[in-house]
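Step one of this worksheet: look at the structure below.
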Amino acid sequence: MIFDVIDFPEYNSLRAIILYFFAFFSAIQLLYYWGFFRKMAFFKPKKQSEFYPKVSVVICAHNEYQNIKEFLPLVLEQDYPHFEVILVNDDSDDNSKFLMIDFKAKYPHFKIVNTDRSITFIRGKKFPLSIGIKTATNPIVLLTDADCYPVSKNWIKEMVVAYQNPNIEFSLGYGRYEKRKGFLNLLVRFDTVHTALQYFSAALMKIPYMGVGRNLSYTKDIFIRNKGMTSQYMIPFGDDDLFVNMHAKGKNTSIALSLDAHTVSIPPQSFVSWFRQKKRHLATGKKYRFGSKIYTGFYASSSLFFYIFFAWSIYLFKNDYFWILILSMVFIIRLVSQLLIYRKTLSKLEERGILFWVPFLDLFFAFFNPIWAFSNVIIKKNQWK
């Protein structure tokens, strides 16, 4: 009998315990990939119909002269019948205000709102963003950043498709980064995809927990009804995901994944700037609802422990070819699942040149995300520029 020659570890032995842990975390990882992430990977976007609610696009800017000059026309010249663009000039001291005046003369649907940082004790982007939203005259608000641009003139159309359903109050979009040369750019773009895979899948599973301010829409009514971001003013970050985390529910949230619904941003130019950006995101996660923390935390921890217990198991069974084969098969099943899900996801998000690197980058972030999170305990200063 084959079982007579298999060296099964004793029930209470270290080898058995490590095997149980590896099996447990492998199962959790497969549950996330096929139970959650499959939803986003195989999602089919809704087609745009003749539906054009009035929209207010709100952008905040502080010393963004070059980005405003280059990207604002792509927003102002959207192919959409009823929209306004509100640019909140957050106390810029460059020549932005003169550029804005020029745009105002050219585009009648462009509005300028000025804020003065010297008269408010509220740090970060939340206050100017709130002022911009309160200034909006239309029922649908669409947010992006000054260093972002829509990939298509149909961006607004595609982002508001979900509002055909009267129950929808949030539409979550995708904001990718420009593809450039270098390892940093690869890290940034994979991290963006990795995050999107999680929050889009959660929204499709009716447990939405975040969106990104580079491409996010919600109704002005839900903003006013919940007194905007007043409860979050003392937190100098999380202007996008904290509001979604507090008020987005399964029945009032949808996603916009059409290729025309994407925005593109200028990627961080240095590891230091990206490190600060990551720290802000991870610090914001500590303010999420308990259920959101379980969803994101359990995935992150299971990914980390999957690698740890795989390596530990390989070491303990290094002389047992049967268990090496079993461990390798489990690892390959998880790897193939990961690549299948990412292949579909990367295609939907129009992200190129990443698939080959997925296994290596997944391993990198499994270990380095906890380091970034721990750094927030030591260094707590995070704010919008």
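The values are calculated or read from the model by the stated rules, or taken from the named source; none is laboratory data. On a predicted model such as this, the values are computed, not experimentally measured, just so you know. All Cβ positions, even for glycine, are placed from backbone atoms using ideal geometry, and neighbour counts span all protein chains on display.
Some points to look at:
- All told, Lys278 meets the bar of being of a type in the set (Lys, Arg) and surrounded by 17 or more Cβ atoms within 10 Å (Cβ to Cβ).
- Residue selected from the range 335-355 under the condition among the small types (Gly, Ala, Ser) and either buried (at least 16 other Cβ atoms within 10 Å of the Cβ) or outside any helix (DSSP H, G or I) (or both), by the criterion farthest from the chain's Cα centre (by Cα): Ser337
- A Cβ distance below 9 Å, combined with a sequence gap of six or more or placement on separate chains, defines the contacts here; from the range 33-44, residues that are assigned to a loop (DSSP other than H, G, I, E, B) reach residues that are of a type in the set (Phe, Trp, Tyr) in the pairs Phe43/Phe200.
- Qualifying residue in the range 220-234 (condition: buried (at least 24 other Cβ atoms within 10 Å of the Cβ) and either free of Cβ contacts under 8 Å to residues at least 40 places away in the same chain or within 19 Å of the chain's Cα centre (by Cα) (or both)): no
- From the list Pro166, Pro139, the one residue that fits, being without any contact (Cβ under 8 Å) to a residue 24 or more places away in the chain and either surrounded by fewer than 19 Cβ atoms within 10 Å (Cβ to Cβ) or outside the structural domain of Val272 (by TED's automatic domain parsing) (or both), is Pro166.
- Residue within the range 27-35 that is exposed (fewer than 14 other Cβ atoms within 10 Å of the Cβ), closer than 30 Å to Ala136 by Cβ and either assigned by TED's automatic domain parsing to the domain that holds Lys134 or out of contact with any strand residue (DSSP E or B) (no Cβ under 8 Å at 6 or more places or on another chain) (or both) present: no
- A single member of Phe3, Phe22 is at pLDDT below 90, within 30 Å of Ser337 (Cα to Cα) and not assigned by TED's automatic domain parsing to the domain that holds Val161, and it is Phe3.
- Check on Val264, touching a Gly at 6+ places or on another chain (Cβ under 8 Å), at pLDDT 90 or above and either acidic (Asp, Glu) or part of a helix (DSSP H, G or I) (or both): no
- Restricting Leu204, Leu197 to residues that are over 14 Å from the mean Cα position of the chain (by Cα) and either aromatic (Phe, Trp, Tyr) or at pLDDT 90 or above (or both) narrows the list to Leu204.
- When each of Ala300, Ala311 is tested for being farther than 24 Å from Glu351 by Cβ and either touching a residue at least 60 places away in the same chain (Cβ under 8 Å) or not aromatic (Phe, Trp, Tyr) (or both), the lone residue that passes is Ala311.
- Candidates Val358, Val330: the one that is in a helix (DSSP H, G or I), surrounded by fewer than 20 Cβ atoms within 10 Å (Cβ to Cβ), modelled with pLDDT of 95 or more and not assigned by TED's automatic domain parsing to the domain that holds Arg189 is Val330.
- Cβ-Cβ contacts under 6 Å between residues 6 or more apart (or on different chains), taken from a first residue in the range 334-355 that is farther than 12 Å from Phe190 by Cβ to a second residue that is at pLDDT below 95 and assigned to a helix (DSSP H, G or I), are listed as Glu350/Leu259.
- Residues (more than 30 Å from Lys249 (Cβ to Cβ) and crowded, with 20+ Cβ neighbours inside 10 Å) located in the range 169-188: Leu187, Val188
- The listed residue being at pLDDT 95 or above and of a type in the set (Lys, Arg), out of Lys125, Lys104, Lys153, Lys97: Lys153
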